[in-house]
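Report on the structure given below.
The values are calculated or read from the model by the stated rules, or taken from the named source; none is laboratory data. Bear in mind that the values here come from a model prediction, so they are computed numbers and not experimental data. No Cβ is skipped: glycine too gets one built from the backbone with ideal geometry, and neighbour counts run over all protein chains shown. For accessibility, only protein heavy atoms count, side chains too; no ligands or nucleic acids. Shrake-Rupley method; radii C 1.70, N 1.55, O 1.52, S 1.80 Å.
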Amino acid sequence: MTGQVEGKVALVTGGASGIGAAVAELLAQEGAKVVATDIDELRGPELVAGLNKSGHQAIFLHQDVTSEERWAEVTSDIEKRFGRLDILVSNAGIGISVPSITDMSLHDWRRQTAINLDGVFLSVKYCLPLMRKTGGGSVIMMSSLAGLRGAAGLAGYCATKGGVRLFAKAVAMECASAGDGIRVNSVHPGIIDTPIWGKIPTEAAGRGQNAPIDPEERAKLATPLGRVGYATEIASGVLYLASDASRYVTGTELVIDGGMNAGSAVRRTG
């Protein structure tokens, strides 16, 4: 099946790399006009240039998702260019790990919350009015497996991603009550091979330093399916929620984690 989101306009935050880039690419390939936003002014333009060269429609806009002023500008630009917005993928996020929550600075707590939670709130505040003008759409909020269960060293991250999960449900109920035709769901990736693993400070590196984490090795130990997930696999889930195939789905979470949330499994050998 192709053209699953043909004629729709999609906004993907954090769209320059990782899951965001995979989502932007797949939505464009399936017929959507894609607006990818990010603070990365190198990879973002490269991404949309590649999509446009392949015959798809995409633009890049620089955006810090914590800036309310910039949200007003971005949504105004989308309305002027396309006259509508059908799909919102609130994907931008960061992860900060510490040996203990008592080691986390208030500055880092607030920075992570501003991007992971405030940015999602602002996306809804400014995109819902535009989506309502054209009679509906799909909002997809990128949470995490860490939004469903706790993880040592990631208490602050879990707090933001758990907040995104319940925020999605509350907004889904608000939209349902309004009868505006907008569906709202959250996506919960497990261990996915993306650049974020090289940016998470860890205890092994010492405070204030970065040590790369090998997601493949971690997934072999922690995931029932025994392998890391890929950004394209998350993008496929987002495409489902963005398309009419999920027209009866709202207020729920799509968990894409290789079975981690379900429990543990001992793989047979030989």
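Numerical summary
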quantity: Residue satisfying condition, being in contact with a strand residue (DSSP E or B) (Cβ under 9 Å, 6 or more places away or on another chain), open to solvent by 20 Å² or more (accessible area, probe 1.4 Å), part of a helix (DSSP H, G or I) and over 27 Å from THR232 (Cβ atoms), within set GLU73, GLU79; calculated: GLU73
quantity: Check on ARG267, surrounded by fewer than 17 Cβ atoms within 10 Å (Cβ to Cβ), at pLDDT 85 or above, over 25 Å from GLY7 (Cβ atoms) and of a type in the set (D, E, K, R); calculated: no
quantity: Count of the range 126-153 residues which are open to solvent by less than 20 Å² (accessible area, probe 1.4 Å), free of Cβ contacts under 8 Å to residues at least 60 places away in the same chain and of a type in the set (Ser, Thr, Tyr); calculated: 1
quantity: Any hit, the range 154-174, residues being of a type in the set (Ser, Thr, Tyr) and surrounded by 15 or more Cβ atoms within 10 Å (Cβ to Cβ); calculated: yes
quantity: Some residue of the range 20-39 being farther than 18 Å from VAL238 by Cβ, open to solvent by 10 Å² or more (accessible area, probe 1.4 Å) and not hydroxyl-bearing (Ser, Thr, Tyr); calculated: yes
quantity: Test: residue in the range 14-30 that is within 28 Å of GLY190 (Cβ to Cβ), in a strand (DSSP E or B) and not basic (Lys, Arg); calculated: no
quantity: Complete set of residues in the range 44-70 that are surrounded by fewer than 20 Cβ atoms within 10 Å (Cβ to Cβ) and either in contact with a His (Cβ under 7 Å, 6 or more places away or on another chain) or assigned to a strand (DSSP E or B) (or both); calculated: ILE59, LEU61, HIS62
